Amino acid sequence: MSEVPSGLNFSPVSPAPIRDSASLMLTRINNNEIEILLGKRAKSMRAFPNFWSFPGGGLSRKDLEAAPKLNLGNDKHAAMKICIVRELCEELGLTIRKNDIISVDRKIRTSVVENKDNWLNEVLLGNIEFDPSNLTLIRERITPIFAPMRFHNRFFHLHISKDSPDFNLEDQTEFDEAKWYSINKLLSDWNKHTINLPPPLFTLIRDLNLLLEQGIKLEEAIKNLNSESPDEKEINFSAGVICIPVKTATLPPASTTNCYLLGRKGGELLLVDPAAHNQDDIDWIMNLVKSLGGNVVGLLLTHRHSDHYGDLKKLKELTGGKVWCSKHTSEYLNINDAVILDDKEKIILKHSKFTTEWDVLITPGHCPGHICLFSKAGLIAGDMVAGYGTILVPNEGNMEVYIEQLKRIKKLKPRILFPSHGPLISVPEKTLSYYISHREKRQKKILDAINSGIDNLTEISKIAYEDTPNAHIGLSQQQTIAHLLSLERLGKISKINEFWIPN
């Protein structure tokens, strides 16, 4: 992503459509501790691969059709409950009977995995028991606007006996593994960055734990978990990393830039890419800062593109923090009082219990002076990668340096990538490998075209982007120029008048 190049116009981008979905928090008491059943999502999953999650999934047309056939009365959540129990059957080989979970025959479960229609048929035949009357709706959440796939998810709860039958992961592809996790262990692992949890799931478990710590019994605590709005205002990407997608004039398909609030409650805080211009987004940032009760020590700019900084004057006044950036960014934006950051410098955010350390990486290529931050939590990636869309290397960038810096980041083996646009990237090695090979293949394709005698930008660009014929012609030509300039710097081609020739 980047600011929109001069001279290019784009139609307004509509947010992704919102689909209905449902998931289930199963709890039990074991050794006097409350445990929650979680499954680790396979790396092949589109949404949150490698993350631990509740069983559940998207509401299907089959679930809606099944609702009137299963005599659930006037239950307005009937289809959602059907969705949950069907998914529970597919993913874990279980079904629900009031306060119990019971096993589903393996052959029947396999037939449901192969064809969703079979679930209703087996229920009507009595081969799958089904009574979801004790499922309790505890919270709703809508996926933030930055995601290419968005869901309005309903979280339900059921408390069961520890003597209930165990799950079965055979014959399904969604979960690589599953386990019962005590809440204390779960939150401890979260704080150590040894478990990945989707933002709304972490917030739900954390809020439940806060109620339990106040001495509130589980049944009553569950009733107090609901919230007024389904919009997620505290998007916890990782322990000490809160994402705030603010509206910006950025390159489509993105319409927001991720501002990151780094640090722990009660400690030093750092705002990365405070891109907010409108009052609602500024209020959002400041409400989160207030809720953490910490001290904002700086407003860090990953680079100088206009979609990464907002009303700096106002945010400096509100937070009391100085602008932190690279020397190039400071000089370009004329920020005379900036705190200048250098490559391999360390940023330490102090806290009584969770002091965090971030390594500064100067990663030019997309833009001179571009900064990434690296820690145990993951890598604040700026515009090195995107969770949605692609990355533009503009004229002031450098394609070969950009590829070099991608390789540098890959060697660090970051746990998670936190991009400036779109959702987090939970399988960094896969994404970084794709970015590197994709750019290198395109550069080779351009060089091969020139070596074959094709010498003008229009034709070179068509060949370079023949695998993406719907690409915006202005962007495809601009990126082709970035590759041509790179090949020229590498001494492989030369430009004579408006034509490119091999050396």
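The values are calculated or read from the model by the stated rules, or taken from the named source; none is laboratory data. Owing to the predicted nature of the structure, the values given are computational and were not obtained by experimental measurement. We place every Cβ from the backbone using ideal geometry, glycine too, and count neighbours over all the protein chains shown.
Quick look at the values:
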quantity: Exclusive hit being farther than 23 Å from I347 by Cα, crowded, with 23+ Cβ neighbours inside 10 Å and in the same structural domain as S103 (by TED's automatic domain parsing), set L251, L208; calculated: L208
quantity: Residue identified as crowded, with 16+ Cβ neighbours inside 10 Å, free of Cβ contacts under 8 Å to residues at least 24 places away in the same chain and of a type in the set (G, A, S) among A47, A67; calculated: A67
quantity: Those residues of the range 459-477 which are under 28 Å from the mean Cα position of the chain (by Cα), in a helix (DSSP H, G or I) and of a type outside the set (A, V, I, L, M, F, W, C), in sequence order; calculated: S476
quantity: Residue satisfying condition, being within 29 Å of T143 (Cβ to Cβ), buried (at least 20 other Cβ atoms within 10 Å of the Cβ), touching a helix residue (DSSP H, G or I) at 6+ places or on another chain (Cβ under 6 Å) and among the basic types (K, R), within set R86, R41; calculated: R86
quantity: All positions within the range 388-431 that are hydrophobic (A, V, I, L, M, F, W, C), surrounded by 18 or more Cβ atoms within 10 Å (Cβ to Cβ) and not in a helix (DSSP H, G or I); calculated: I391, L392, V393, I416, L417, F418, L424, I425
quantity: Number of the exception - G422 against (1) in contact with a Ser or Thr (Cβ under 6 Å, 6 or more places away or on another chain); (2) at positive phi; calculated: (1)
quantity: Selection within the range 184-199 - buried (at least 19 other Cβ atoms within 10 Å of the Cβ) and closer than 14 Å to L38 by Cβ; calculated: L186, W190, I195, N196, L197, P198
quantity: Test: residue in the range 312-319 that is among the polar types (S, T, N, Q), surrounded by 16 or more Cβ atoms within 10 Å (Cβ to Cβ), in contact with a Leu (Cβ under 6 Å, 6 or more places away or on another chain) and closer than 19 Å to N258 by Cα; calculated: no
quantity: Of residues in the range 149-168 being surrounded by fewer than 20 Cβ atoms within 10 Å (Cβ to Cβ) and within 26 Å of the chain's Cα centre (by Cα), the one farthest from E219 (Cα to Cα); calculated: M149
quantity: Members of the range 478-503 that are in a helix (DSSP H, G or I) and without any contact (Cβ under 8 Å) to a residue 40 or more places away in the chain; calculated: T480, L484, E488
quantity: Restricting the range 68-99 to residues that are acidic (D, E) and under 29 Å from the mean Cα position of the chain (by Cα), the residue that is nearest to R154 (Cα to Cα); calculated: E87
quantity: Which numbered condition L125 misses (of (1) in contact (Cβ under 8 Å) with a residue 12 or more places away in the chain; (2) among the aliphatic types (A, V, I, L, M); (3) out of contact with any Pro (no Cβ under 7 Å at 6 or more places or on another chain)); calculated: (1)
quantity: Every residue from the range 338-357 that is assigned to a loop (DSSP other than H, G, I, E, B) and either touching a strand residue (DSSP E or B) at 6+ places or on another chain (Cβ under 9 Å) or not assigned by TED's automatic domain parsing to the domain that holds G266 (or both); calculated: A338, L341, D342, D343, K344, E345, K350, H351, T355
quantity: Residue that is surrounded by the most Cβ atoms within 10 Å (Cβ to Cβ) [pool: residues in the range 96-122 that are part of a loop (DSSP other than H, G, I, E, B) and out of contact with any Asp or Glu (no Cβ under 6 Å at 6 or more places or on another chain)]; calculated: V104
quantity: Unique match (being buried (at least 16 other Cβ atoms within 10 Å of the Cβ) and either not assigned by TED's automatic domain parsing to the domain that holds A377 or not hydroxyl-bearing (S, T, Y) (or both)) among S452, S461; calculated: S461
quantity: Set E170, E220: member being farther than 17 Å from L38 by Cβ, free of Cβ contacts under 8 Å to residues at least 12 places away in the same chain and among the charged types (D, E, K, R); calculated: E220
quantity: Residues of the range 155-191 satisfying the condition of being in a helix (DSSP H, G or I) and among the hydroxyl-bearing types (S, T, Y); calculated: S188
quantity: So P364, is it within 23 Å of the chain's Cα centre (by Cα) and not hydrophobic (A, V, I, L, M, F, W, C); calculated: no
quantity: Selected residue [modelled with pLDDT of 95 or more and surrounded by 21 or more Cβ atoms within 10 Å (Cβ to Cβ)] from H328, H303; calculated: H303
quantity: Residues within the range 387-421 that are at pLDDT 95 or above and of a type in the set (G, A, S), tallied; calculated: 1
